[in-house]
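Here, each number is a calculation from the coordinates, and none is a lab measurement. Note that the coordinates shown come from a computational prediction; the quantities given were computed from them, not determined experimentally. We place every Cβ from the backbone using ideal geometry, glycine too, and count neighbours over all the protein chains shown.
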Amino acid sequence: MKILLVEDNELNRDMLSRRLKRKGFTVLSATNGQEGIDVAISENPDIILMDLSLPV
């Protein structure tokens, strides 16, 4: 399963990404809303986990 993680805080992004990878997920990352949209369109993830207060 492919998960897109959209998080601007580097520590949170890295910690959650490592945990998800250890559980066997493929993890894609984005650091802002626009990058998240671009990755979602190009990679078609199964799930998107997103910070609710992201810069665009």
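Fewest-first ordering of E7, E43, E35 by other beta carbons within 10 Å of each residue's beta carbon gives E43, E35, E7. Ordered by the count of other Cβ atoms within 10 Å of each Cβ, fewest first, M50, M1 give M1, M50.
Note the listed values [x] 17, 14, 7; [y] 47, 18, 6; [z] 21, 13, 9, then indicate which one is semi-axes √(5λ) of the Cα gyration tensor in Å calculated from this particular structure. The listed entry that was calculated here is [x]. When only Cα pairs below 8 angstrom with a gap of at least 6 residues are kept, the chain shows a relative contact order of 51 percent.
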